[in-house]
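The values are calculated or read from the model by the stated rules, or taken from the named source; none is laboratory data. Remember, it's a predicted structure, so these values are computed and weren't measured experimentally. Backbone-built Cβ (ideal geometry, glycine too); neighbour counts: all protein chains shown. For the accessible areas, the whole protein counts, side chains as well, though only heavy atoms, and no ligand, DNA or RNA atoms are used. Shrake-Rupley method; radii C 1.70, N 1.55, O 1.52, S 1.80 Å.
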Amino acid sequence: MMKPSLPKGVRDFDPKTVQKRNYIFDTLRNIFTKYGYQPIETPVVEKLSTLTGKYGEEGDKLLFKILNSGDYFNKLKAEGSEALENKDSQKLTKHIAEKGLRYDLTVPFARYVVMHQNDISFPFKRYQIQPVWRADRPQKGRYREFYQCDVDVVGSNSLMYEAELAQIFDEAFHKLNIKVEIRINNRKILQGLAETAGIEDKFIDMTVAIDKLDKIGIDGVQRELENRGIAATAIESILSALQIKELDKLSSLLADSEVGQKGIEELRSFHKYFDLKPMYNKIVFDITLARGLNYYTGCIFEVAHDANVYPDQVMGSIGGGGRYDDLTSGFGLKDVSGVGVSFGADRIYDVMEEQGLFPDHAGEGTKMLLVALDEKAHQFAFECLGKIRTEGISAALYPTPTKMKKQMKYANDLGVPYVVIIGDEEMNSGQLVLKNMQTGDQDKLSIADIISTVNA
């Protein structure tokens, strides 16, 4: 007999966990809708040609590939013999796998926009709440299957949208009761930094190295830059710039870089919109924020829990995103700029669970269990059940009128807050016993009063 098990990095969720996760999804969905974003969904599976080359060298390694159906050996022997002989797994892949699981929701969204460009109005504001997959090494806060909650707008260059998305971050985490720090940078500033250091051709190498700063520290970034063939003088210039905290100082450093100045100007324009509304959380400029994905071109964001409020919480980012000016051109639609942010629902759940931030009602399932003492009372209870459910209360009836002790144990196991007990006396009087399972208090009430009490 096979022992049941799961692959590493994926999980089952019990009812209470699902209810808490749905609380997160519902909170975000309500905010997305309030800001005028519309829902779409895209398939789990995309063509590998859609996914590859969009996430940088690190991201491409983490794509889950799906083997082609049927017997592909003969095709492999005919077309992939050289790759097979040279043991080149990258070239071999295209002969045995044409599809993959989506890595994020942004690239499939760009593909969607191009395919449906004649059916949508620009600017197009969409949100999407679906799972994604990455062949990463599982660890705390990092899973191979996890949900992303994305909100994007395409078809406009206006920095108003960067401000709006930052406000969505601010409001959403306030509603979820998590104190966060929103970090912001601009990829054009990083381009200017590469230009000033004389390594324009090594821009991606530089951003990939800087993006690992939180994991490997400043010494690790230096080694990474060295390993990528960047000269010592350029590394010194880069590491010195990473210490700068103010835009004015940065402006002086990048005085000769047109693209760097453009990035600084965009951040200042962003604040002209964003600063009009009071904030719940902190927003800080962070030049070390790089966002390793290749498609970002302008403002970039990352959100982490506020370490001053949760000093013992160990967790990576719980949100991120940015501007991408050219993502749709890879699918044949040029000059359509987009910007979006993503919430990492699984990490948000972990923070809320560890810090006890879920409200009491977030994990509630069945609110009431009806308990019958005999067969006749059981049929009466079933009739009452219909009336209770009609009023929007989640309720259940134990399937048989068995011993009271067994039925009450089931109520405790379910964690229901209320039990209604019905026997001969209750049927005849119309006054049913309502027991509060948390306090132990009991009252005799009519069905109408029970409904009012529970709904209150």
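Over segment 266-386, the alpha carbon radius of gyration divided by the compact-protein estimate 2.2 N^0.38 Å works out to 1.78. For Lys444, the aspartates and glutamates whose Cα comes closer than 12 Å to its Cα, not counting residues fewer than 8 places off in the same chain, are Glu425, Glu426. In the chain, helices alone account for a calculated mean residue ellipticity at 222 nm of -13000 deg cm²/dmol, with every DSSP H run of four or more residues adding -39,500 (n - 2.57). To the nearest 10, the accessible area of Asp60 is 40 Å² with a 1.4 Å probe. Simple spin-label estimate for Asn227 and Lys403 gives 6.5 nm between the two label positions (7 Å along the Cα-to-Cβ direction from each Cα).
The mean sequence separation of alpha-carbon pairs under 8 Å and at least six residues apart, normalised by the residue count of the chain, gives a relative contact order of 16 percent. The mean sequence separation of alpha-carbon pairs under 8 Å and at least six residues apart, normalised by the residue count of segment 395-456, gives a relative contact order of 22 percent. What shape does segment 209-310 have by the C-alpha gyration tensor, where a ≥ b ≥ c are the square roots of the eigenvalues, rounded means a/c under 1.5, and otherwise prolate means a/b greater than b/c and oblate the rest? Because a/c hits 1.5 or more and a/b fails to exceed b/c, segment 209-310 counts as oblate. Among Ser337, Ser69, the sequence by solvent-accessible area, most first, with a 1.4 Å probe is Ser69, Ser337. Shown is the FRET efficiency for Lys8 and Asp449, computed with R0 = 51 Å from the Cβ-Cβ distance and rounded to the nearest 0.05: 0.45.
Using the structure shown, select from Lys47/Lys202; Lys34/Lys334; Lys3/Lys367 the pairs with a Cα to Cα distance greater than 32 angstrom. Cα-Cα > 32 Å for Lys3/Lys367; rest within.
Excluding Phe380 itself, what net charge comes from residues whose Cβ is under 13 Å from its Cβ, given Lys and Arg +1 and Asp and Glu -1? Result for the neighbourhood of Phe380: -4. For Lys249, the lysines whose Cα comes closer than 23 Å to its Cα, not counting residues fewer than 8 places off in the same chain, are Lys188, Lys262, Lys272, Lys282. Extending 7 Å from the Cα toward the beta-carbon at both Gln379 and Asp219 defines two label points whose distance is 8.1 nm.
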